[in-house]
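The values are calculated or read from the model by the stated rules, or taken from the named source; none is laboratory data. Remember, predicted model here, so these are calculated numbers, not experimental data. As a convention, Cβ positions derive from the backbone with ideal geometry for all residues, glycine included, and neighbour counts pool all protein chains shown. With ligands, DNA and RNA removed, areas are computed over all heavy atoms of the protein, side chains included. Shrake-Rupley method; radii C 1.70, N 1.55, O 1.52, S 1.80 Å.
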Amino acid sequence: MHGRVKIKSTAQQEEEKRKEREKKLKAYVSARDGILKKRSAGEHDEEALQLTQQLLSSNPDFATLWNYRREVLLHLETLREKDEVQKLYESELHFIEACLKVNPKSYGCWHHRSWVNTRLPQPDWTRELGLCDRCLSLDERNFHCWDYRRVVVKESGVSVEQELQFTDHLIGSNFSNYSSWHYRSTLLPQLHPQPVPDSAPNASPSPTTSPQFHSHRVCEEQLLKEYELAHNAFFTDPNDQSAWFYYRWLLGRAEREEMISCVYVSREGERVSVAFSKPVHAQSEGLMLVLDGQPQQVQWRSAHPRFRHSPVWLCDLPPGSISDISNEHNLNIHWTEKHTHRDCALYTGSAESWCRDSATDQELFRSELSVEKSSVLQAELQSCNQLLELEPQNKWCLLTIILLMRALDPLGHEKETLAHFQTLKEVDPMRSSYYSDLCSKFLIENTILKMEYAEVRVFSLSDKNLTILCHLDQLLFVTHINLSSNQLLRLPPQFAMLQCLEVLEADDNAIESLEGLYHLPKLEEVSLRNNRILFSKKSKCFIRNP
């Protein structure tokens with residue numbers, strides 16, 4: 001047995017490790033308590049820097065110690081000459097760099113480094129930029145470093161062009177560098193902004209005024225180059241999400257114009273309903289009603305008490321103001337916040353009236369993408385279809401094709417869209433619910449478009465596997481809705497926007513909540529067979545079926 005190393009048992013090894021950890025912990029706690037005691041006593045000396053350095057070297061995420069170091073440094077700064085202050089803070093930068101090697105994603109380290117550079121008499125931003133480059137070469141998604149780099153770039157005067165070239169280099173090395181794609185999206189609008197179109201067709205910019213640009217959009221010429229870059233990325237690696245997200249950003253999301261989309265007037269109820277293109281807070285945004293040339297003092301309320309911001313707002317007119325059916329009335333709704341208005345006439349013999357801009361019907365739900373030229377969208381759709389032929393089960397490609405089809409012709413591409421949604425659910429079952437909800441949204445949009453074209457007040461979407469309800473503010477005039485044989489779980493509060501609804505059919509769903517039904521003034525008939533609710537005569541309310 002001579003000359004053989006004695007092997008300790010596992011239990012012995014674990015016990016020794018435990019004792020070693022306890023010993024280190026006691027030393028750490030003792031040092032921590034000593035530091036906090038010095039801070040409480042207001043001691044700001046060199047010893048405090050040494051003690052905090054010992055602990056931060058092993059645990060750079062101790063924010064209190066970084067705060068204490070700043071207090072000490074500020075005190076020492078008052079006692080030293082400018083050259084000594086420079087050396088003091090340069091030494092601090094070297095220490096922080098050592099801490100970053102322990103934890104490159106330490107909030108405390110990066111924050112403290114940014115603070116130190118603000119105190120340096122002569123900061124070396126070139127050195128800081130080099131540090132960022134080294135850190136990002138080790139971990140290209142270190143968002144702490146990316147944030148710090150933006151500060152350094154701003155302070156050092158690095159041009160936007162140089163930073164864009166920096167992203168070119170990183171993306172060229174690795175298409176999966178999501179942070180670089182994102183950084184690129186912040187740089188392009190600064191370097192290649194899209195001009196704001198003039199209101200007059202042949203207007204030319206005044207020599208005394210500078211041209212106006214969109215702050216977040218990119219000019220078309222540069223967009224075409226960026227499309228090509230994104231194509232190279234997702235044709236190289238179709239399953240990498242980084243380039244697809246950037247591509248979606250390039251296609252953009254259009255901003256709907258803020259406007260009064262429609263007005264409805266009920267003579268019997270002496271009530272006015274106003275629908276907006278997006279949720280607003282009418283009580284604070286200057287909504288004024290003028291009846292036959294006379295401003296009215298009315299109280300605006302949202303369609304449901306829960307909604308502070310709502311796309312539909314209601315008010316009651318003074319009793320008797322429009323109830324006489326033999327009189328004609330003119331109403332004007334003024335939205336002073338946006339300097340817009342909408343007029344509506346209630347003719348003799350009419351029990352109700354409404355007005356809306358039918359010219360916007362075709363564009364109602366085609367604002368998913370902000371690219372205006374259909375030729376560009378058509379070219380992008382063709383590119384994605386080519387990729388789909390090579391990668392028929394690529395979820396990113398399928399989803400992008402759906403969005404492009406929606407932007408080009410939602411009704412014409414409806415059949416293909418539904419087929420793509422079915423494929424998406426099969427290749428990406430973990431997100432099946434999301435695809436079902438999105439598909440439901442598109443089906444509702446298409447049905448609303450068809451309904452508006454036909455100018456009918458009946459909305460039918462039975463047996464379509466709907467999982468959600470949306471765009472209910474667009475159904476302000478509907479009197480009859482059929483939602484039977486779907487997969488709906490609730491009739492949401494937004495249902496209260498259906499101010500003209502008289503008949504509701506919602507049989508054979510899985511509905512548990514009817515919250516939206518209690519604020520419908522004209523509702524007369526409801527059919528809810530085969531759902532998860534019961535009506536309790538004792539409490540006179542709907543309860544869930546156990």
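Numerical summary
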{"read-out": "Selection from segment 148-178 of residues that are within 25 Å of residue 111 (Cα to Cα) and touching a residue at least 60 places away in the same chain (Cβ under 8 Å)", "value": "177, 178"}
{"read-out": "Complete set of residues in segment 477-500 that are part of a helix (DSSP H, G or I) and closer than 27 Å to residue 432 by Cα", "value": "493, 494, 495"}
{"read-out": "Complete set of residues in segment 248-266 that are more than 30 Å from residue 334 (Cα to Cα) and touching a Phe, Trp or Tyr at 6+ places or on another chain (Cβ under 7 Å)", "value": "250"}
{"read-out": "Output for segment 405-425, where each listed residue is touching a residue at least 12 places away in the same chain (Cβ under 8 Å) and either surrounded by fewer than 19 Cβ atoms within 10 Å (Cβ to Cβ) or closer than 23 Å to residue 465 by Cβ (or both)", "value": "405, 406, 408, 410, 411, 414, 417, 418, 420, 421, 423, 424"}
{"read-out": "Selected residue (criterion: farthest from residue 274 (Cα to Cα)) from residues of segment 477-505 that are open to solvent by less than 30 Å² (accessible area, probe 1.4 Å) and touching a helix residue (DSSP H, G or I) at 6+ places or on another chain (Cβ under 6 Å)", "value": "491"}
{"read-out": "Unique match (being touching a residue at least 60 places away in the same chain (Cβ under 8 Å) and among the charged types (D, E, K, R)) among 337, 352, 328", "value": "352"}
{"read-out": "Segment 119-149, residues that are open to solvent by less than 50 Å² (accessible area, probe 1.4 Å), within 20 Å of residue 83 (Cβ to Cβ) and part of a helix (DSSP H, G or I)", "value": "125"}
{"read-out": "Tally of residues being surrounded by fewer than 21 Cβ atoms within 10 Å (Cβ to Cβ), of a type in the set (Gly, Ala, Ser) and within 16 Å of residue 516 (Cα to Cα) across segment 299-337", "value": "0"}
{"read-out": "Flag if residue 474 is part of a helix (DSSP H, G or I), surrounded by fewer than 18 Cβ atoms within 10 Å (Cβ to Cβ) and touching a helix residue (DSSP H, G or I) at 6+ places or on another chain (Cβ under 9 Å)", "value": "no"}
{"read-out": "Failed item, numbered, when residue 116 is tested on (1) crowded, with 18+ Cβ neighbours inside 10 Å; (2) closer than 20 Å to residue 179 by Cβ", "value": "(2)"}
{"read-out": "Filter result for the condition that a residue is at pLDDT 90 or above and in contact with a strand residue (DSSP E or B) (Cβ under 8 Å, 6 or more places away or on another chain), over 490, 544, 529", "value": "490"}
{"read-out": "Those residues of segment 239-271 which are over 16 Å from residue 474 (Cα atoms) and assigned to a strand (DSSP E or B), in sequence order", "value": "266, 271"}
{"read-out": "Filtered residues of segment 503-531 (kept if assigned to a loop (DSSP other than H, G, I, E, B) and in contact (Cβ under 8 Å) with a residue 40 or more places away in the chain)", "value": "521, 522"}
{"read-out": "Lone unmet requirement of (1) farther than 23 Å from residue 110 by Cα; (2) open to solvent by 60 Å² or more (accessible area, probe 1.4 Å) for residue 61", "value": "(1)"}
{"read-out": "Matching residues, segment 228-253, being exposed (fewer than 15 other Cβ atoms within 10 Å of the Cβ) and under 30 Å from residue 312 (Cα atoms)", "value": "253"}
{"read-out": "Residue within segment 428-441 that is farther than 29 Å from residue 389 by Cα and out of contact with any strand residue (DSSP E or B) (no Cβ under 9 Å at 6 or more places or on another chain) present", "value": "no"}
{"read-out": "Search result, residues across segment 71-117 that are of a type in the set (Asp, Glu) and closer than 18 Å to residue 57 by Cα", "value": "90, 92, 97"}
